[in-house]
1. Looking only at residues that are more than 12 Å from residue C:57 (Cβ to Cβ) and surrounded by 11 or more Cβ atoms within 10 Å (Cβ to Cβ) in the stretch C:186-198, which one is modelled with the highest pLDDT?
2. Output yes when any residue across the stretch A:165-187 is surrounded by fewer than 24 Cβ atoms within 10 Å (Cβ to Cβ), away from every other protein chain (no Cβ under 14 Å), closer than 24 Å to residue A:94 by Cα and not charged (D, E, K, R), and no when none is.
3. Need a quick list: helices (runs of 4 or more DSSP H) entirely within the stretch C:1-85 having at least 3 residues that are hydroxyl-bearing (Ser, Thr, Tyr).
4. Looking only at residues in the stretch C:119-148 that are closer than 22 Å to residue C:61 by Cβ and without any contact (Cβ under 8 Å) to a residue 24 or more places away in the chain, which one is nearest to the other protein chains (Cβ to nearest Cβ)?
5. What are the pairs, 6+ residues apart or on separate chains, where a residue within the stretch C:48-67 that is away from chain B (no Cβ under 12 Å) and surrounded by 21 or more Cβ atoms within 10 Å (Cβ to Cβ) has its Cβ under 6 Å from a residue that is among the polar types (S, T, N, Q) and part of a helix (DSSP H, G or I)?
6. Condition check: over 17 Å from the mean Cα position of the chain (by Cα), of a type in the set (Gly, Ala, Ser) and part of a helix (DSSP H, G or I). Does residue A:198 satisfy that?
7. With respect to residue A:131, determine if the residue is farther than 30 Å from residue A:76 by Cα, part of a helix (DSSP H, G or I) and among the polar types (S, T, N, Q).
8. Tell me, yes or no, whether the stretch B:35-42 has at least one residue that is facing chain C (nearest Cβ under 7 Å), at pLDDT 85 or above, within 13 Å of the chain's Cα centre (by Cα) and part of a helix (DSSP H, G or I).
Amino acid sequence: MAHGLVYRQLLREKQIIFRQKHAILQPFLFFLMFIAFFPLILPFNLQLLHAVCGGVVWMSLTIALFLAAERFYLEDSQCGYLEQWLIYKVPVYSYVLCKWLVHGVVQVVGVLFCMPIIAVMYQLNFLETYSLLASILCGMPALLAMCGLVSAFGPNRSILMLLILFPLIIPILMLGSGAFASSALSAYLALLLALSIGMVFILSIASAAILKISLENT
Amino acid sequence: MQKLTTCHFFYVALSYGCAGMSMLAMAGYVYWQSLKTKQQLKQWFANESNTKK
Amino acid sequence: MKLFYALGNPQTFYKLADQLTQKLGFMALVILLTGWGWGLLFAPPDYQQGDAVRIMYLHVPAAMLSLSIYAFMALAAFVVLVWRIKVAGSLMRASAQVGALLTFIALITGSLWGKPTWGTWWVWDARLTSELILLMIYVGLLALAQQLGNNASADKIIAIICWVGVIDLPIIHFSVKWWNTLHQGSTLTVFAKPKIHSSMLYPLLISLLGLALFCAWLILSLSKYAILQKEYQKDWVAKLCKN
C-alpha cells in the first residue's frame, strides 16, 4: 500500500513540474544568467575567470535551487493535499524525499545541459569541466536538502530562513568551490558525497517535522 | 624589547577590556530581565486585585 | 530519573535555580578574578609570544565554553523534542544567548591575539572559519527565537535547527587535526598529559572553571526569569511573591 503511494507521489511530482514548466525554467535561466554575468563584467583576465569560476557557479546554483525550492510546497498546501499527507499513516519524510528526488533529477539534467555553455564562457579545459561537474553532482543533494528545509517553513518565511540557515550551507559551498580544478579532487568529492547523503537523510526528517509543526499552527 | 612588550600589553588590555565589558553587559541584561519580570508580576497582581474588587 | 521529571516542573526548577544562582554568582566572581589575576600578573610570559600569551587565559576558556554550551543547548533541544518539557525550552533559549556571547568573545580575543603573534587580524583558517560559522548559527537561533515567539511549537523548531547545526561542533573540534593551517593544535586533552607548563596550566584551568561558573550563573538566571515571565499566572508564582 505504502509502496504504491510513494510511486504515485513520484509520478505526481513529475506531473506538477511538467504542467508548470516555467517554475523550473525560470530558476534555470537565472542560474545561466548569473554565471554569464561574471565573464561579461569582470576585467578580461583568464586567470581571474578560472579563479572565480568555482565560487560563482556554486553561488549561482545555491540561489537558483532556493528559487526553485520556494515553490515546493506551494501547490500542495493550497489545495489541501499536504494536510492529507501529514495525517496519513505513511511517514512524511517519504513525501519530502519524493519531492527532492524528482526535483534533483530535473536539476541534474539542467546542469548537464549547462556544462558545455559554462565551459565555453569560462574557457575551461576538460579536467576543469569534469571537476566542476563532478563536484556539482556530488554536492547538489546537500544543497537541495538545505533549500528543501528552508522552503518547509512556508512561503512567507523562506528568505529569513535562508539567511538563518546560510551558515550551514557555507561548508557545502566551500567544499564545492574548493573541488574546482583541485589536485585532491577525489577527497573533495568523497566529502561532498558524505555530506550529501547525511544531509539528505537528516534534513528530510527535519523538513517533515517542520511541515507537521506548520500544520499545528494553522 | 621594551617597546615590543608594551605593544603586546596593549592587545592584552584591549582583549580583556572587550571581554570584561561584554560580560558586564550580559550581567546587566540579566539584571534588566529581573526588573522586567518584577514589573510584569507587579502589573499582573495589580490587575488581579482590581478585578477581584 | 525522578530528579529529571522533578526538574521539568517549573516550580521545582525555579527554586533550585534561585538557590544555585545565589551561590554561583559569588563563586564565579571570586574564581574568575583569581584565575585572571594570576594569569595577568603572576604567570610567566611566553618565550616566543611575550606578554600576548596572557590572552590565552581568556581566549581558550571562552572557545571551549562556546562549544560546551552548544552541546548543552543540543541536549536541552533533545529533551524538548522527545519529552516536550517547557523548562528545557527556556534553558535552550538562555544557553543560545550565553553561547553567542562567548563565541563572540572567543573570536574577538582570538583576533586580538593573532595580531601581535602572527601579524594578522583574520585568516580563513579551518578553525577560525568554523567558529565564525558557529557564531552565525547562534545568531540565527536567536533571530528565530525572537521571530517565532515564546510558545511550544517555536521551541520545537528552534530545537530542530539546533540539531541541524550541531554538525559544526565536531568540525571545530577536529579542525586542527584534519587541516594543518594557522591555528595551533590542542594542548589540553582528556587522556594525555597536557603539553603546557604547569605555571601556565593552573591559571588556565582556574579561569576555565571561573568562566564556566559565570556561564552557568547566566544561563540559570536567564532561564529563571524566562520561566517566571511565562508562568506568571500560576498560583505558585503568587505564593512566591508575597511582596
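1. Within the stretch C:186-198, the first condition is being more than 12 Å from residue C:57 (Cβ to Cβ), and the residues that meet it are C:186-195, C:197-198.
From what's left, surrounded by 11 or more Cβ atoms within 10 Å (Cβ to Cβ): C:186-188, C:194-195, C:197.
Values: C:186: 67, C:187: 65, C:188: 65, C:194: 65, C:195: 67, C:197: 73.
Per the criteria, the residue is C:197.
2. For the stretch A:165-187, residues surrounded by fewer than 24 Cβ atoms within 10 Å (Cβ to Cβ), away from every other protein chain (no Cβ under 14 Å), closer than 24 Å to residue A:94 by Cα and not charged (D, E, K, R): absent.
3. On the way: elements: C:2-8, C:10-37, C:56-83.
Those helices (runs of 4 or more DSSP H) span C:10-37, C:56-83.
4. Restricting to residues being closer than 22 Å to residue C:61 by Cβ and without any contact (Cβ under 8 Å) to a residue 24 or more places away in the chain, the top hit is C:136.
5. C:66/C:103
6. Numbers: over 17 Å from the mean Cα position of the chain (by Cα): no; of a type in the set (Gly, Ala, Ser): yes; part of a helix (DSSP H, G or I): yes.
In short, no.
7. Working: farther than 30 Å from residue A:76 by Cα: yes; part of a helix (DSSP H, G or I): yes; among the polar types (S, T, N, Q): yes.
Yes, satisfied.
8. So far as the stretch B:35-42 goes, no, none of its residues is facing chain C (nearest Cβ under 7 Å), at pLDDT 85 or above, within 13 Å of the chain's Cα centre (by Cα) and part of a helix (DSSP H, G or I).
The values are calculated or read from the model by the stated rules, or taken from the named source; none is laboratory data. Remember, predicted model here, so these are calculated numbers, not experimental data. Virtual Cβ from ideal backbone geometry, glycine too; neighbours counted across all protein chains shown.
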